[in-house]
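**Student:** I am attaching a structure below and will ask some questions about it afterwards.
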Amino acid sequence: MIFYTASSTPRPVRLSEATRKFAADSQAGIYGLETLDTPNVRMDEVPGYSEMSGLDKYNACILEIANKSPLRIVPGEYLSGSATLGDAISHIVPAKEYGAAHGWFGSVSHLTIRFDEVLAVGMNGIERRVHESLKRHTESRERAFLESCLICIDAMRIWHGRYLEALKDMPGMERVYSNLCRVPFEGARNFYEAVQSMWFVFAFTRLCGNWPGIGRIDWLLGDYLKKDLAAGALTIDEAREIFSHFFIKGCEWINGRATRSGDAQHYQNLVLAGIDADGAEVANEVTYLVLDILEELGISDFPTTVRINTKTDPYLITRCAEAMRHGGGNVAIYNEDLILKAMTDWGYELSEARNFANDGCWEVQVPGKTWFGYVPFDGLAILQHITLDNYSGSRDFGSFEELYAAYIADLGAQVEQIKRGTTGGRLNEDGSWKPSNPCTVVSLFVDDCIENARSYYEGGTRYVVVSPHIGGLPDIVNSLYAIKRLVYEDKRVSLAELQKALAANWEGYEELRRHALDDFVYFGNDSDECDSLAVRLVEDFAKCCGERDDSCPIWFPGGISTFGRQIDWAPQRLASPHGHRKGDVLASNWSPTPGSIRNGATAVIHSACKPDLSLLTTGSALDIGISPSALEGEPGVAALSGLIRGFCDLGGFFMQIDTVDAATLRDAQRHPEKYTTLAVRVAGWSARFVTMSREWQDMIIERVE
């Protein structure tokens, strides 16, 4: 089996040939195609379904899914449980009332659920909490939610029983059957049970249509493995074989079919290393097993972020670099020290902040305790369409400071609109939560929902976070800088003349356009003159988000992202002052405008880290592309390790590095059959390049170039 690598250094071979074949089959889409054969269960065949209430319908859907979804047992697999209903891949509960106008329930993503409680006390322990809560709550709506919790646990018990029955007499699966007997309903006793328990709960939540993140998998599993290794119950090689099946089965929705943004956007992210709630370092044997598996198999379906702090073992950084050099972007970096400052400055308790993970992409949250949402908007469009009124010339500004102040006011109005829309949509006038879409399955695994007798979507969680995310910020910096230079400092043109050129999409103004495009040093090149505007914009946007009413139960911390939306935004954008034409696809996330980089990756990092990124509590993502030839041999690994350490020392937030060259990607467009396992980092996820639409492929190529 050959798994694509961008490096001349071959991927290591540590796993058995049988496991490697299982990985190759899974990544080739065999099981994903099988999943598409059964898209959903039919609810119109359930007696009385159409007359049920919304929550009762949801309960009936989960029971029907548990009873009727196909079972998948692959000979030789070490773990059981598979999300086998194809519509779950579309982020909906895969149960449909055919013929109904609204036959679907939506599902939940952008959250990381609690696995530690399942590992400790099992689903039976969670069930006991539900019964205790029922004793305290008498209001009918609260009791209906708690009864739904019991129904969903029963549904998982039914699904579990079906797997046990199927495995019981299956030749060669005796060990798998024995390992599944207790978990996930009782607490795990060893590493193998813990991995199976986590996988089964994860698979059930996905089977019901949800896309949960996994979070700190080494913190969750490390003590189990350490205990087994010390007792001689497992060797590290045996543990790696077992654990690799968790990752291989996580590819089960891959089917080889093209989508806009690639095949692996299911938010099943992992976080490694860093400190725990008490300040102790988490990195352990499981940390390195994850990196081993990603390095060998190149699986892109579990984007993994490593928390780096000032005391991180240099060997861990080296292992990250060794995995990164193979490409795929499936290992990224968090600057833990800065993120802890960001979260505690906002108002999180330090012990809570220390447990941070992500929401399934890269925005940080407290896992298992947070309802998270983000609202992205195009900040460049605000400058073009509102502040400069579509370049109509109706607004004149006597100085750059007047223009800048007007833009910040318009930005503040956008953030206020997000706040009003969120609170109005979620809260009643008295501050109570409005009824929402049923989501009991994930509510079982998020703190306080059971104790509050309210679901994930109805304020049951400890934290409710809705983050305004500004998009196009590097292009806003460059646009403002170009205006400042062309109009107010160099006086090359008046603001009215510049707007006339922009309204004409630069037609008839090519000399001016080339001057704006080529003769200024923009964001990403370590130019203090331009980067000072980035510093101001980050600070002022953070202030817009921070001016909140503390009595509101919803927090509105800011972040920077595009997540590929620069493609969707391009047709609505006008020509930009920094020399780009209408419709150009511009900067991604917190990364420089394509084509503007002149001084390499270190200059990009210097520019990106000049603002105080701790002001943006949910995060900012820097995308870095590095040629594989720059990472050859030990010198290349050392250089990449230095880049990681420098990013953290300078004050970066999150960095995703991809190792690929444009020529390879262009060849993959021409000959996709040769590159079925070639993965690239897209935004908060990685995807196999050949499953992306042409416009998304072109965006990645332009970013790499």
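**Student:** Answer yes if at least one residue in the stretch 437-453 is of a type in the set (Phe, Trp, Tyr), out of contact with any Leu (no Cβ under 8 Å at 6 or more places or on another chain), touching a residue at least 60 places away in the same chain (Cβ under 8 Å) and in a helix (DSSP H, G or I), and no otherwise.
**Tutor:** Restricting attention to the stretch 437-453, the residues satisfying the condition of being of a type in the set (Phe, Trp, Tyr) are 445.
Still in the list and also out of contact with any Leu (no Cβ under 8 Å at 6 or more places or on another chain): 445.
Filter again for touching a residue at least 60 places away in the same chain (Cβ under 8 Å), leaving 445.
Still in the list and also in a helix (DSSP H, G or I): none.
The answer is no; no qualifying residue exists.
**Student:** OK, next. Determine which member of the set 606, 580 is in contact (Cβ under 8 Å) with a residue 24 or more places away in the chain, crowded, with 24+ Cβ neighbours inside 10 Å and over 23 Å from the mean Cα position of the chain (by Cα). I'd like the intermediate steps shown before the answer.
**Tutor:** On the way: 606 fails: crowded, with 24+ Cβ neighbours inside 10 Å.
The conditions single out 580.
**Student:** Please indicate, with yes or no, whether at least one residue in the stretch 18-26 is free of Cβ contacts under 8 Å to residues at least 12 places away in the same chain, hydrophobic (A, V, I, L, M, F, W, C), farther than 30 Å from residue 147 by Cβ and assigned to a helix (DSSP H, G or I).
**Tutor:** Within the stretch 18-26, not a single residue is free of Cβ contacts under 8 Å to residues at least 12 places away in the same chain, hydrophobic (A, V, I, L, M, F, W, C), farther than 30 Å from residue 147 by Cβ and assigned to a helix (DSSP H, G or I).
**Student:** Which fully enclosed helices (runs of 4 or more DSSP H) of the stretch 596-705 have 2 or more residues being among the polar types (S, T, N, Q)?
**Tutor:** 600-609, 662-670
**Student:** Return the residue satisfying two criteria in turn: it lies in the stretch 168-213 and is in contact with a strand residue (DSSP E or B) (Cβ under 9 Å, 6 or more places away or on another chain) and of a type in the set (Phe, Trp, Tyr), and of such residues it is modelled with the highest pLDDT.
**Tutor:** Residue satisfying both the conditions and the ranking: 202.
**Student:** Here is a further query. Just to be sure, is residue 434 under 30 Å from residue 367 (Cβ atoms), in contact (Cβ under 8 Å) with a residue 24 or more places away in the chain and either surrounded by fewer than 23 Cβ atoms within 10 Å (Cβ to Cβ) or in contact with a helix residue (DSSP H, G or I) (Cβ under 7 Å, 6 or more places away or on another chain) (or both)?
**Tutor:** yes
**Student:** Out of everything in the stretch 416-437 that is under 23 Å from the mean Cα position of the chain (by Cα) and not aliphatic (A, V, I, L, M), what residue ends up being farthest from residue 382 (Cα to Cα)?
**Tutor:** Among them, the one singled out is 437.
**Student:** If you check residue 80 against the conditions, is it buried (at least 21 other Cβ atoms within 10 Å of the Cβ) and outside any strand (DSSP E or B)?
**Tutor:** On the way: buried (at least 21 other Cβ atoms within 10 Å of the Cβ): yes; outside any strand (DSSP E or B): yes.
Judged against the criteria, residue 80 is a match.
**Student:** Mind listing just one residue for me: the one in the stretch 519-576 that is touching a strand residue (DSSP E or B) at 6+ places or on another chain (Cβ under 7 Å) and among the hydroxyl-bearing types (Ser, Thr, Tyr) and, of those, farthest from residue 698 (Cα to Cα)?
**Tutor:** Per the criteria, the residue is 561.
**Student:** A further question follows. Tell me which residues, restricted to the stretch 302-312, are assigned to a loop (DSSP other than H, G, I, E, B) and either modelled with pLDDT of 95 or more or over 12 Å from residue 656 (Cα atoms) (or both).
**Tutor:** Within the stretch 302-312, 302, 309, 310, 311, 312 qualify.
**Student:** Just name the residue that is surrounded by the fewest Cβ atoms within 10 Å (Cβ to Cβ) out of those in the stretch 351-379 that are β-branched (Val, Ile, Thr) and either closer than 14 Å to residue 620 by Cα or touching a helix residue (DSSP H, G or I) at 6+ places or on another chain (Cβ under 6 Å) (or both).
**Tutor:** Filtering the stretch 351-379 for residues that are β-branched (Val, Ile, Thr) and either closer than 14 Å to residue 620 by Cα or touching a helix residue (DSSP H, G or I) at 6+ places or on another chain (Cβ under 6 Å) (or both), the one surrounded by the fewest Cβ atoms within 10 Å (Cβ to Cβ) comes out as 375.
**Student:** Name the residue, out of 593, 617, that is closer than 26 Å to residue 366 by Cβ and buried (at least 23 other Cβ atoms within 10 Å of the Cβ).
**Tutor:** 617
**Student:** Oh, and also: Scan the stretch 535-547 and give yes if some residue there is within 22 Å of the chain's Cα centre (by Cα) and part of a strand (DSSP E or B), otherwise no.
**Tutor:** Checking the stretch 535-547: not a single residue is within 22 Å of the chain's Cα centre (by Cα) and part of a strand (DSSP E or B).
**Student:** Does residue 650 qualify as being touching a helix residue (DSSP H, G or I) at 6+ places or on another chain (Cβ under 7 Å), surrounded by 24 or more Cβ atoms within 10 Å (Cβ to Cβ) and more than 14 Å from residue 475 (Cβ to Cβ)?
**Tutor:** no
**Student:** For the stretch 40-70, name all the residues that are in contact with a strand residue (DSSP E or B) (Cβ under 8 Å, 6 or more places away or on another chain), crowded, with 16+ Cβ neighbours inside 10 Å and not in a helix (DSSP H, G or I).
**Tutor:** Correct list: 40, 41, 43, 69.
**Student:** Residue 9 - would you say it is among the polar types (S, T, N, Q), closer than 30 Å to residue 323 by Cβ, surrounded by 19 or more Cβ atoms within 10 Å (Cβ to Cβ) and in contact (Cβ under 8 Å) with a residue 12 or more places away in the chain?
**Tutor:** no
**Student:** Counting only residues that are among the charged types (D, E, K, R) and crowded, with 21+ Cβ neighbours inside 10 Å, which one in the stretch 676-705 is farthest from residue 329 (Cα to Cα)?
**Tutor:** 703
**Student:** Could you pull out the residue among 315, 288, 267 that is more than 21 Å from residue 625 (Cα to Cα), part of a helix (DSSP H, G or I) and in contact (Cβ under 8 Å) with a residue 12 or more places away in the chain?
**Tutor:** Checking each option against the conditions leaves just 288.
Yes or no, residue by residue, for (1) assigned by TED's automatic domain parsing to the domain that holds residue 91; (2) in contact with a helix residue (DSSP H, G or I) (Cβ under 9 Å, 6 or more places away or on another chain); (3) of a type in the set (A, V, I, L, M); (4) modelled with pLDDT of 95 or more:
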{"position": "446", "(1), (2), (3), (4)": "no, yes, yes, yes"}
{"position": "484", "(1), (2), (3), (4)": "no, yes, no, yes"}
{"position": "500", "(1), (2), (3), (4)": "no, yes, no, yes"}
{"position": "508", "(1), (2), (3), (4)": "no, yes, no, yes"}
{"position": "550", "(1), (2), (3), (4)": "no, no, no, no"}
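**Student:** Let me ask something else about it. Hey, could you check the stretch 94-135 for residues that are in contact (Cβ under 8 Å) with a residue 40 or more places away in the chain and aromatic (Phe, Trp, Tyr) and say which is farthest from residue 70 (Cα to Cα)?
**Tutor:** 115
The values are calculated or read from the model by the stated rules, or taken from the named source; none is laboratory data. For clarity, every value in this text was computed on a predicted model and none was experimentally measured. No Cβ is skipped: glycine too gets one built from the backbone with ideal geometry, and neighbour counts run over all protein chains shown.
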